[in-house]
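The values are calculated or read from the model by the stated rules, or taken from the named source; none is laboratory data. All values reported here derive from a predicted model rather than from experimental measurement. Reconstructed Cβ throughout: ideal geometry from the backbone, glycine too, with neighbour counts over all protein chains shown.
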Amino acid sequence: MTVRRVPQGRGLFEFLILIIVIALLGAVFLSRIADIERQTEQLAVDLTIRNIRVGLQLAIGERIMEGREDSLADLLVADPLEFLGRVPEGYFNEPGPPPASARWHFSRARHELTYWPRQPEAFGGRRELHWQLRAVSVRGGRVDGLRLEVKP
């Protein structure tokens with residue numbers, strides 16, 4: 001019976017190949033996780049804005065059904081997040097500058113809703129997103145409808 005010997009460098013070479021493969025898989029995994037996080041933040045903001053728009057439609061419909069069409073203009077200065085069932089995480093609605101931890105803020109002075117993304121690259125590199133309530137049509141000085149629009 002003869003004993004077969006394995007060359008000394010072979011085990012080290014296989015180990016290095018294994019380390020390289022694991023590093024590549026880890027890089028792909030981390031990249032995919034970052035993509036998923038960006039998509040998740042985008043989706044959360046889109047859903048919040050859609051829900052605000054639905055809440056706004058409900059508030060308008062309620063006022064029309066109650067015969068209070070003349071009070072639609074009052075909604076132009078309302079905080080759009082009030083139309084949600086509950087405010088999103090990171091909402092700040094106090095006077096003065098928002099803290100660094102704030103994600104959503106409504107400025108009563110500018111009548112403007114602002115969102116600061118955690119991942120600006122998910123929003124084309126923008127560090128702030130802004131929306132404002134606007135009158136859709138005004139007849140005889142009376143607001144007939146409202147819309148939440150993106151402010152450039």
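One table, with the values for the structure above:
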quantity: Answer from A59, A44 - the residue that is within 20 Å of Q119 (Cβ to Cβ), hydrophobic (A, V, I, L, M, F, W, C) and at pLDDT below 95; calculated: A44
quantity: Residue list for the range 23-75, filter: polar (S, T, N, Q), free of Cβ contacts under 8 Å to residues at least 24 places away in the same chain and under 20 Å from Y91 (Cβ atoms); calculated: T40
quantity: Of residues in the range 132-146 being touching a Lys or Arg at 6+ places or on another chain (Cβ under 6 Å) and either surrounded by 15 or more Cβ atoms within 10 Å (Cβ to Cβ) or of a type in the set (A, V, I, L, M) (or both), the one farthest from L76 (Cα to Cα); calculated: V136
quantity: Sole exception among (1) hydroxyl-bearing (S, T, Y); (2) part of a helix (DSSP H, G or I); (3) more than 25 Å from A135 (Cβ to Cβ); (4) under 19 Å from the mean Cα position of the chain (by Cα) for T48, by number; calculated: (3)
quantity: Residue list for the range 31-58, filter: under 19 Å from L146 (Cα atoms), surrounded by fewer than 13 Cβ atoms within 10 Å (Cβ to Cβ) and touching a helix residue (DSSP H, G or I) at 6+ places or on another chain (Cβ under 9 Å); calculated: V54, L58
quantity: Which listed residue is in contact with a His (Cβ under 8 Å, 6 or more places away or on another chain) and loosely packed, with under 11 Cβ neighbours inside 10 Å, from V21, V77, V28; calculated: V77
quantity: Single match in G67, G61 (criterion: farther than 30 Å from R126 by Cα, within 30 Å of the chain's Cα centre (by Cα) and surrounded by fewer than 14 Cβ atoms within 10 Å (Cβ to Cβ)); calculated: G61
quantity: The one condition in (1) in contact with a Phe, Trp or Tyr (Cβ under 9 Å, 6 or more places away or on another chain); (2) surrounded by 10 or more Cβ atoms within 10 Å (Cβ to Cβ); (3) free of Cβ contacts under 8 Å to residues at least 40 places away in the same chain that P88 fails to fulfil; calculated: (3)
quantity: Residue list for the range 64-91, filter: among the small types (G, A, S) and farther than 20 Å from N51 by Cβ; calculated: G67, S71, A73
